[in-house]
Amino acid sequence: MNIETLINEHYDHLNENDQHIAKYIINHEEECKYLSIIQLAEVTLTSKSSILRFTQKLGFSGYSEFKYALKQQKLQQQEQQSFVAMQQEDLLQTAKIFSQQNVTPVLEAFDRADSIYCYGTGWGQRDVLKNFMRSVIPLQRFPIHLQSQKELSIVLDGSITEKDLMIVLSLSGENKPREDILNRMRLKNIPILSITNMSRNRLASKATYNLYYQSTEIGEDTHEIFSMMPLFQVMDLFYRAYVDYKQIDLEQL
């Protein structure tokens, strides 16, 4: 837990001497990481025993444990800042990628399609698509949401034609849909819009149109963990570009 939060929680139990020590630590956090208990006592004009009692009032066994927590807090703050910076960079790059693409053919295909089918390869992607589908209803576009590969197969066996559009939202573009499903869509000349992370991937290579975003993987384990924010962003940019393409007055939305 954050040291300042701990101080606030125990503030009512701190005497005037403790409050003086606490104020110094909060205002000189970086410096205090490297001070011994004697040095901290000197700069706060207190005693070693006063510092020890103060740390124990905060719930630490002693000064060593307190100092370790102070150092760990800084590391966690730096890690959090790096995660924030990572997301900011992903969003910045996603906007840049979108602005550099010629999206007019995509918008034309979306506009002329008799029916629009949407398929997300995971629960996060499906949430993004649901949000997008709601946003385009006022634009008189009514996408059909396919919840599974089985539904995708059923549609391929039945109603979908080359006059429609299939939108597939994926992270890596490698795992889903299955290869045979993609091949069947191509054999039936179904226009496919793939929306994937910025990379060469199987889905993008088989699609008619492509939109890309950047989402950096978090962690180093075997499970894919990505922020969904860039996916929401690229779909929102697509929606806004379609509004501009149709020259729709914002007051109509």
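The values are calculated or read from the model by the stated rules, or taken from the named source; none is laboratory data. Model, not experiment: these values are computed from the prediction. Please note: Cβ atoms are built from the backbone with ideal geometry, for glycine as well, and neighbour counts cover all protein chains shown. What goes into the accessible areas is simple: the full protein's heavy atoms, side chains included, and nothing from ligands, DNA or RNA. Shrake-Rupley method; radii C 1.70, N 1.55, O 1.52, S 1.80 Å.
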With charges only on Cβ, +1 for K and R and -1 for D and E, what is the dipole size of segment 10-82 about its Cα centre, in debye, rounded to 20?
180
On a 0 to 90 degree scale, rounded to 10, what angle separates helix 48-57 from the longest Cα axis of the chain?
40
What whole number of Å gives the distance from the Cα centroid of segment 141-203 to the Cα centroid of segment 30-59?
63
0 to 90° range, to nearest 10: angle between helix 16-27 axis and the chain longest Cα axis
40
Student exercise, segment 130-178 dipole from Lys, Arg, Asp, Glu Cβ charges, in Debye to nearest 20:
200
Could you compute how much accessible surface I38 exposes when probed at 1.4 Å, giving the result in Å² to the nearest 10?
90
Once the convex hull of the C-alpha atoms of segment 1-111 is built, how many Å³ does it hold per residue, rounded to a whole number?
139
On a straight-distance basis, which lysines could pair with K74 in a cross-link, Cα separation under 19 angstrom, same-chain partners fewer than 8 positions away excluded?
K23, K33
Under a straight-distance cross-link criterion of Cα-Cα below 25 Å, which lysines are reachable from K130, leaving out those fewer than 8 residues away in the same chain?
K96, K150, K163, K176, K206, K246
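Counting only other residues whose beta carbon sits under 12 Å from that of N2, what net charge do I get with K and R as +1, D and E as -1? If you can, show how the numbers build up before the last one.
Values: positive: K74; negative: E4, E9, E29.
Residues close to N2 contribute a combined charge of -2.
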Heavy-atom accessible area of F226, protein chains in place, probe 1.4 angstrom, given in Å² to nearest 10, is 40
Residue by residue through segment 6-12, what is 3J(HN,Hα) from phi via Karplus (6.51 cos²θ - 1.76 cosθ + 1.60, θ = phi - 60°)? Round to whole Hz and write x for glycine and proline.
4, 4, 5, 5, 9, 4, 5
For E9 and A95, compute 0.36 nm times the residue count separating them, minus their Cα-Cα distance, and round to one decimal in nm.
26.7 nm
How much net charge surrounds L237 when only the other residues with a Cβ under 12 Å from the Cβ of L237 are counted, with Lys and Arg +1 and Asp and Glu -1?
0
Of every Cα-Cα pair in the chain, the percentage lying beyond 35 Å is 42
